[in-house]
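Reviewing the structure listed below.
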Amino acid sequence: MVVPKKAFTHGDISFGKVVVFGKVILSALLSFSLFPYRRALLIDLEPRVINQIQTSEFKNLYNPENIYMSKEGGGAGNNWAKGYSQAEAVQEEICEMIDREADGSDSLEGFMLLHSIAGGTGSGMGSYLLETLSDRYPKKLLQTYSVFPMLTETSDVVVQPYNSVLTLKRLALNADAVVVLDNTALNRIAADRLKLSNGAEFFGYTPLTANTSIVHQAHSTVRKTTVMDVMRRLLQQKNLMVSASTRRGAYISVLNIIQ
């Protein structure tokens, strides 16, 4: 669901323009006891990013009871093992938040995990959460949106390859589907299609994701198109959300969702 800035207001039912992909239950939002919490958990071992969310215009979208930040606040130091061990130490507190939201769901279908596999928290704690969710909810779907390291640039984090390899094992064993993303491709799309000068972070198996509708309104054009034209553009390198060659390897299957 894409929600623009200032879409929600207190005291009335002003929602702004809300674009919903898939089936999203909005009955709670349409009641007069409006408090638009998302069923999401924000977990980090250092407070910087979550503090930015809590002071932004979107702070009221998240339940304060579903936010966990390490009391030490030092992060995982880009170390997979440290992130994994710290997650194990606070397992009870995190699982309590997960179970509370799961119990409050009318019909729980699965979980989505958004994380990076290059740093310490996203890789180490993310790996532990994957194993924990798979063990506690074995019949529920588990999908991840995993930000992979950049292929074209050398990172200043020397242990990044080790973090990635250790996390890939857990993704292969515990996740039902992995959507692969990388910041290089997302920043390219933000600059080329949305004309942004400074990119922001964006929110089968290991699919390559592509989207042809990401165009700034000022630079968009109305033209006649066909389904085959949309399918052709989906396979173009410039529309992929991951920096990978489509000419190497093979396609097991292709799914196009076209409206």
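The values are calculated or read from the model by the stated rules, or taken from the named source; none is laboratory data. Bear in mind that the values here come from a model prediction, so they are computed numbers and not experimental data. Ideal geometry is used to build each Cβ from the backbone, glycine not excepted, and the neighbour counts take in all protein chains shown.
Condition test on residue 72, is it surrounded by fewer than 24 Cβ atoms within 10 Å (Cβ to Cβ) and assigned to a helix (DSSP H, G or I)? Write out each step before concluding.
Numbers: surrounded by fewer than 24 Cβ atoms within 10 Å (Cβ to Cβ): yes; assigned to a helix (DSSP H, G or I): no.
The answer is no for residue 72.
Search the stretch 31-51 for residues that are farther than 15 Å from residue 61 by Cβ and pair each with any residue that is of a type in the set (D, E, K, R) and at pLDDT 85 or above when their beta-carbon atoms are under 9 Å apart and the residues are at least 6 apart or on different chains.
Final answer for the pair search is 45/82.
Here's a check for you: in the stretch 26-56, which residue that is over 20 Å from residue 114 (Cα atoms) and exposed (fewer than 11 other Cβ atoms within 10 Å of the Cβ) is modelled with the highest pLDDT?
So in the stretch 26-56, the residues over 20 Å from residue 114 (Cα atoms) come out as 26-36, 55.
So of that shortlist, the ones also exposed (fewer than 11 other Cβ atoms within 10 Å of the Cβ) come out as 27, 30-33, 55.
Working: 27: 36, 30: 38, 31: 38, 32: 34, 33: 41, 55: 88.
Per the criteria, the residue is 55.
Yes or no: the stretch 142-159 includes at least one residue that is touching a Leu at 6+ places or on another chain (Cβ under 8 Å), under 19 Å from residue 42 (Cα atoms) and surrounded by fewer than 16 Cβ atoms within 10 Å (Cβ to Cβ). Spell out the reasoning first.
Here is the first cut: in the stretch 142-159, the residues touching a Leu at 6+ places or on another chain (Cβ under 8 Å) are 142-148.
With under 19 Å from residue 42 (Cα atoms) added as a condition, the list becomes 142-147.
Filter once more, keeping what is surrounded by fewer than 16 Cβ atoms within 10 Å (Cβ to Cβ): 143.
Checked the stretch 142-159: at least one residue is touching a Leu at 6+ places or on another chain (Cβ under 8 Å), under 19 Å from residue 42 (Cα atoms) and surrounded by fewer than 16 Cβ atoms within 10 Å (Cβ to Cβ).
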